[in-house]
Amino acid sequence: MNSSKPLNGRTLVSDVQGRDSFNTQLLYFTCSSLSQDDERIYLISDRDGHPNVWMRDMFHGTDRQLTYNKKGILKSYVYFDGTENEGLGKASVCLDYIRERVYYIQDDCICRTDREGHVSVLNHVPAGRMTAFTHVSLDGTKL
C-alpha cells in the first residue's frame with residue numbers, strides 16, 4: 001500500500017485511514033532508522049490499526065508498508081504486555097541500512113523484508129522463548 005503526500009517540513013508520515021493521530025516511532029535505539037543515502041526513513045506506525053514497519057521516501061514524499069501484522073504487539077521482555085507468540089516484536093525491528101533490509105520477529109517467525117516489501121521467513125523462534133532485540137552484522141551475513 002502506497003500513499004503520497006507532499007512534504008511540508010512538519011509532516012513525516014500520513015494516515016491511510018484519515019485519522020488525525022496515530023502512534024509512530026523510529027526503530028529501536030539499537031539501530032539506525034535511516035538508509036545509507038539518508039533518502040529513506042524506516043518507522044513503526046499503527047496507522048493501519050496495528051504496529052507495522054513503514055518506509056518513508058523523503059525525496060518523493062511517499063510511504064510504503066513493509067510488514068503486514070494484524071495481531072498487535074508480540075510479548076517480549078521489553079513489551080511485556082504484548083500477546084504471547086502473536087504480533088510484531090516492536091523491539092526486534094532492525095535495519096541493515098547498507099542493503100536496506102529490515103529484520104524483525106512476527107509471531108514465532110524471524111523475518112526479513114526489503115524496501116519493496118518482499119518478505120522472507122528466515123527461521124523460527126524456539127517454543128517457550130521470549131525475545132526482544134535483533135542486530136545485524138555490518139556485512140549483513142549474521143543476525
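Tabulated data for the structure shown
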{"item": "Of residues in the range 129-143 being in contact with a helix residue (DSSP H, G or I) (Cβ under 6 Å, 6 or more places away or on another chain) and not β-branched (Val, Ile, Thr), the one nearest to Phe80 (Cα to Cα)", "result": "Ala132"}
{"item": "Qualifying residue in the range 123-138 (condition: in a strand (DSSP E or B) and over 20 Å from Phe22 (Cβ atoms))", "result": "yes"}
{"item": "Test: residue in the range 92-103 that is crowded, with 19+ Cβ neighbours inside 10 Å, at pLDDT below 95 and more than 26 Å from Asp139 (Cβ to Cβ)", "result": "no"}
{"item": "Residue within the range 31-47 that is of a type in the set (S, T, N, Q), touching a strand residue (DSSP E or B) at 6+ places or on another chain (Cβ under 8 Å), modelled with pLDDT under 95 and not in a loop (DSSP other than H, G, I, E, B) present", "result": "yes"}
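The values are calculated or read from the model by the stated rules, or taken from the named source; none is laboratory data. Quick caveat, the model's predicted, so the values are computed rather than measured. Positions of Cβ are generated from backbone atoms using ideal geometry, with glycine treated the same way; all protein chains shown enter the neighbour counts.
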